[in-house]
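In what follows, a structure is listed as structure tokens, so that the remarks can point back to it.
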Amino acid sequence: MGVSRLDVFYRRLLLTKLFIGGWGKPEDLKRIFEFRKIIGDREKCKSLVPKDYPVYINKTEENSDCYIHEGYFISPLEHFVSGILPPEAVKARFQFIVPKRWQKNRPVCIHLAGTGDHFFWRRRTLMARPMIKEAGMASLLLENPYYGYRKPKDQLRSSLKNVSDLFVMGGALILESTVLLHWLEREGYWPLGMTGISMGGYMASLAVTNWPKPIPLIPCLSWSTASSVFTRGVLSKAVNWAELEKQYAINSVYEEEIIKLLEYCGADSFKKNQELVKTTESSERLVHLSGNERRSAYSQVHMEARATQILLNHKDPEGIGSGDRLSQLLSSLKKSGKQLDFRQRGGRVNTVLDEESAACCQRSLQRESLSFMKGVMDECTHMANFSVPVDTSLIIVIQAKEDAYVPRTGVLSLQDIWPGCEVRYLNGGHISAYLFKQNAFRQAIYDTFNRFCLKYPDL
């Protein structure tokens, strides 16, 4: 099956870059990966969030067919991994849209936001209000960290600044969803379920893996892991790979420490697919080099190129051939970075690597950075790295056949990870499904809730 041309075209219209700040602080990544070991195991975190965790309603608006309540609570992630959330994101905000007249029971579906879904208008208009009219079903819209009121001041629109921000968002939403599910149970609502579109589908899936009871789950336009989204999907073109590669090259902590914290080792793990790093003849020429030597080689070429460019910019081409002038400039550059070796011959600097070796080193670095991205993404987003939901027959997955944002090839299928779940395929791609197939998403929600009521009438 090919990919949607609309998906490719739409992505080209968006010029913003993802992860302009890089991977995030190494110490933050370490803390996140350690906490993932807890929330990835449902048994370990049964009592992590108290059932009486405080939730507050601070505003209510009456409409013709519903009440719209606005509420908030403090994200539990702040208690367990203090300081990892930006200050703006510590307070979790939500809207709760409740019908004036219930048709049957008091069902509530929690909707998590997809990429770019700031505040509540989009989900309220496209999903929640129609669900009131069609099924008399309430919707609770939780605002994602890094979005809307919870967006950091230095973040540009929806473009997460660091790779680690996505993992912080996921950890926060798992715990925050648990808070809301407990609260809804206390308030007497039943049955309860979760859904989301695109990134919201991933986050809803992660949240349900942590819930200790059978629960309807309807992830739309998401799959088993986010790694393919950022390494092979059209969004990979928006990733600031130059910054990620530079940080991976300069800071040895990623290769020497953080990579050892990655536990996911499924059949599609980067640990079992090292051809990402060593498939070409050029990279094979660098196999004998250690990671530090590759970093040093890359940094050497990068630093000398910068020094040469500075001399050219100052209209001093003679300085390029002057060992003293270039040595002085390199020395000043090195004081602010890594210690690098270089050699001089005949008054001219001779680079440690020739052009071919430098290009070879660059390609190797690109592959290692790509492999590292797959590793960290799988660690925190791969469904096989979390508990299996209590009852997978209550899961209906909606997929677009030609989705260019969420590649399904090369990764484990959700049907393999969650045996018994149902997958429904829509014609077209990611964007067309999002724009024109909301009715199919809502129907899947109704079907899953009905399935739950038939199977668990007294739960």
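The values are calculated or read from the model by the stated rules, or taken from the named source; none is laboratory data. Bear in mind that the values here come from a model prediction, so they are computed numbers and not experimental data. Every residue, glycine as well, gets a Cβ built from its backbone with ideal geometry; the counts of neighbours run over all protein chains shown. What goes into the accessible areas is simple: the full protein's heavy atoms, side chains included, and nothing from ligands, DNA or RNA. Shrake-Rupley method; radii C 1.70, N 1.55, O 1.52, S 1.80 Å.
Here is a yes/no grid of residues against (1) touching a strand residue (DSSP E or B) at 6+ places or on another chain (Cβ under 7 Å); (2) at pLDDT below 95; (3) in a helix (DSSP H, G or I); (4) open to solvent by less than 10 Å² (accessible area, probe 1.4 Å):
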residue	(1), (2), (3), (4)
149	yes, yes, yes, no
174	no, no, yes, yes
177	yes, no, yes, yes
184	yes, no, yes, yes
195	yes, no, no, yes
200	yes, no, yes, yes
207	yes, no, yes, yes
225	no, no, no, yes
### Message
Here's a check for you: in the range 1-13, which residue that is closer than 22 Å to residue 370 by Cα and of a type in the set (A, V, I, L, M, F, W, C) is least open to solvent (accessible area, probe 1.4 Å)?
### Response
8
### Conditions (1) open to solvent by 70 Å² or more (accessible area, probe 1.4 Å); (2) part of a helix (DSSP H, G or I); (3) among the basic types (Lys, Arg); (4) within 30 Å of residue 454 (Cα to Cα): number failed by residue 51
(2)
### Summary
Pairing a residue in the range 239-255 that is part of a helix (DSSP H, G or I) with any residue that is of a type in the set (S, T, N, Q), where Cβ atoms lie under 7 Å and the two sit 6 or more apart in sequence or on different chains, gives 241/369; 244/369; 245/366; 245/369; 248/369; 249/299; 250/299
### Query
Of all residues in the range 406-447, how many are within 19 Å of residue 388 (Cβ to Cβ), open to solvent by less than 30 Å² (accessible area, probe 1.4 Å) and at pLDDT 95 or above?
6
## Note on the structure
Looking across the range 72-102 at residues that are crowded, with 19+ Cβ neighbours inside 10 Å and either among the small types (Gly, Ala, Ser) or at pLDDT below 95 (or both), the single one that is farthest from residue 140 (Cα to Cα) is 89
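Here's the yes/no breakdown for (1) within 30 Å of residue 453 (Cα to Cα); (2) charged (D, E, K, R):
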{"site": "369", "(1), (2)": "no, no"}
{"site": "377", "(1), (2)": "no, no"}
{"site": "387", "(1), (2)": "yes, no"}
{"site": "393", "(1), (2)": "yes, no"}
{"site": "403", "(1), (2)": "no, yes"}
{"site": "418", "(1), (2)": "yes, no"}
{"site": "443", "(1), (2)": "yes, no"}
### Task
Scan the range 139-184 residue by residue and report those that are free of Cβ contacts under 8 Å to residues at least 24 places away in the same chain and acidic (Asp, Glu).
154
